[in-house]
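The values are calculated or read from the model by the stated rules, or taken from the named source; none is laboratory data. Treat the numbers as computed from the prediction; the structure is a model and nothing was measured. Here Cβ is always computed from backbone atoms with ideal geometry, including for glycine, and neighbour counts include all displayed protein chains. To get the accessible areas, we keep the full protein, side chains included, count just its heavy atoms, and leave off ligands, DNA and RNA. Shrake-Rupley method; radii C 1.70, N 1.55, O 1.52, S 1.80 Å.
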Amino acid sequence: MSLALYDTWSRSVRPFISIRPGQVDLYCCGPTVYDHAHIGNLRTYVFEDLLRRVLVANGYRVRHVVNITDVGHLVSDADAGEDKMEKGSRRTGESAWAIAERFTAAFRSDWKALNLLEPTHWPRATDHIPEQLAFIAALQDKGYTYQTADGVYFDTSKQDDYGHLARLDRAGMRAGTRIAMGEKRNATDFALWKFSPAGAMRQMEWDSPWGRGFPGWHIECSAMASKYLGPWFDIHCGGEDHISVHHSNEIAQCQANHGTRMANFWMHGHFLLDDGAKMSKSSGAFLRLQTLIDRGADPLAYRYLCLTAHYRSELRFTEEALTASGAALDRLRRAYAGWPEGGAVDADFSARFHAEVDQDLNLPRALAVLWELVKSELPMATRRATVDAFDAVLGLRLAGWQVEEPVIPTHIASLAAERRRARAEKDWEQADAVRVRLRDLGWDIEDGEKGQRLFRR
Ligand code: AMP
Ligand code: ZN
């Protein structure tokens, strides 16, 4: 079976075929670095990492761009309020530039801890001001912009299909709820360039043909994606909250400038919920990966937890769920570490595993196949080789795992001795009965070259 992915643009799972043979170009909206990433943000990056690994498993080379938003993301999506970076600077007393550095470094460390594959490009918005200015100038030349007292705006009324990604009801929006419009002509219009407030010096500001100021948030992604991946590329990703504003606006800009909807597939990860509420950075109350680590959790247990839910369903975070994921990961590691090398991948299990991940990244079902394999009666070396191959997608770093010999309780050890005796006496019935008892007590026994070996199930 071949790869099929859900595309938010068409609202359907459809076969994935790359634009260029053998290569996939992938753009993922990255962090706004005014604070730490929370584990909700990180769930989205885990989803994108799984996507990348599945593409690689399908034989593609992947160019993967993750931008760093270090300017222009305002507190409100309606282009009002302060820049999050400048607000962060007031909160901590550091400069906006220092904050960006600090939280970018922290983000990269979370990235490594979760065993996410390094992107091929990590472009920063502030390193791409000329590209953004050129993009805005092109939009102006094509007649899509207008200027107000506080900035240069994109006129969404010039596009009949503006908001298609989000299935926006524009007529309803015009007639319905009041939205803070300022001098905007349409509720959905958005800032391309904002002027620095009169009389105030921003920490991050640049000259432009329209006045001193800073870029809007959406233009950075359109400009950087076009620069690194061209005007039409394979997949654009982000969290589900981006569909209605940020991604709709990225598409509007590219539609106007290049005549494309940017990417062939638009994919969105659903939210991580914290006790039923969305985890949000702006609310300030959120869980960091480092907090989980400080409480004794393994970061890869969080990765495992993400694998247990499909990326298009919400996932409720609880400490119990994290503990259960940690225990499952531990069981997997111990089983794996007890198996010898030198086997070959089992074709049947491999086909079943890949059929699941190729069907819109069905990781929960793929995990079920993995556990069926672990508990199977296949030779241990075969299981090891097959799990190794699965781990190229799962990213649980099994190969590097060093296991301590398990501490074996006395009653388990004496059952194992009983089985050894039964086998020596060729009493197979008794040997099997003991194995079943051990299983019921949570232990597996394997017969290797060096005799019996016990490990936790
Ligand atoms: P931000 O740093 O706020 O720009 O967000 C970074 C990424 O995390 C974006 O792709 C968001 O859509 C995503 N995101 C934000 N909150 C959550 C959440 N609670 N669960 C999953 N993804 C999220
Ligand atoms: Zn973006």
Reachable lysines, given that their alpha-carbon falls under 27 Å from the alpha-carbon of K375 and they are not under 8 places away in the same chain = K426, K450
inquiry  = Treating the stretch 410-456 as a set of equal point scatterers at the Cα positions, no solvent, please give the Debye-formula log₁₀ I(q)/I(0) at q = 0.14, 0.15, 0.24 Å⁻¹.
reply    = -0.27, -0.31, -0.83
note = Taking Cα atoms only, helix 129-141 is inclined relative to the longest principal axis of the chain by an angle, in degrees rounded to 10, of 50
Normalised contact order of the stretch 410-456, rounded percent, pairs of Cα under 8 Å and 6 or more residues apart = 28
query = What number, rounded to the nearest 500 deg cm²/dmol, is the helix-based mean residue ellipticity at 222 nm of the chain, given -39500 (n - 2.57) per DSSP H run of at least four residues and division by all its residues?
reply = -13000 deg cm²/dmol
note = Share of accessible surface on carbon and sulfur in the stretch 274-394, whole %, 1.4 Å probe and ligands ignored, is 50
query = Over the stretch 274-394, what is the relative contact order in whole percent, taking alpha-carbon pairs under 8 Å and six or more residues apart?
reply = 27
task = Return the percentage of antiparallel bridges among DSSP beta bridges fully within the chain, rounded to the nearest 5 %.
result = 55
key: Residues of the chain: accessible area per residue with a 1.4 Å probe, Å²   = 43
note = Rounded to whole Å, √(5λ) for the Cα gyration tensor eigenvalues of the chain, largest first, gives 51, 23, 18
ask   = By how many nm would the segment from A433 to T148 grow when fully extended, if each residue of separation counts as 0.36 nm and the alpha-carbon distance is taken off?
value = 94.4 nm
ask   = Against the longest alpha carbon principal axis of the chain, how many degrees, from 0 to 90 and to the nearest 10, is the axis of helix 248-258 turned?
value = 60
task = Give the relative contact order (percent, whole number) for the chain; include only Cα pairs under 8 Å separated by 6+ residues.
result = 17
remark   = Env charge @ F16, Cβ radius under 11 Å, K,R +1 / D,E -1, value -3
task = Starting from one equal scatterer on each C-alpha and no solvent at all, send me the Debye-based log10 I(q)/I(0) for the stretch 274-394 at q = 0.11 Å⁻¹, two decimals.
result = -0.44
key: J(HN,Hα) series, the stretch 386-398, from Karplus relation 6.51 cos²θ - 1.76 cosθ + 1.60, nearest Hz, glycine and proline x   = 6, 5, 4, 5, 5, 5, 4, 8, 5, x, 8, 6, 5
task = Once every Cα of the stretch 22-162 carries one equal point scatterer and solvent is ignored, give the base-10 log of I(q)/I(0) from the Debye formula at q = 0.11, 0.17 Å⁻¹, two decimals.
result = -0.55, -1.09
query = Do you know the Lys pair count in the stretch 4-269 for C-alpha distances under 14 Å, with sequence separation 8 or more or different chains?
reply = 4
message = How charged is the neighbourhood of M224? Take every other residue with its Cβ under 14 Å from the Cβ of M224, and add Lys/Arg as +1 and Asp/Glu as -1.
response = -3
task = Please state, to two decimals, what the Cα-based radius of gyration of the stretch 4-269 comes to when divided by 2.2 N^0.38 Å (N = residues).
result = 0.99
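Quick check: at a probe of 1.4 Å, how many percent of the accessible area of the stretch 410-456 sits on carbon and sulfur atoms?
With neighbouring chains kept in place, the figure for the stretch 410-456 is 46 percent.
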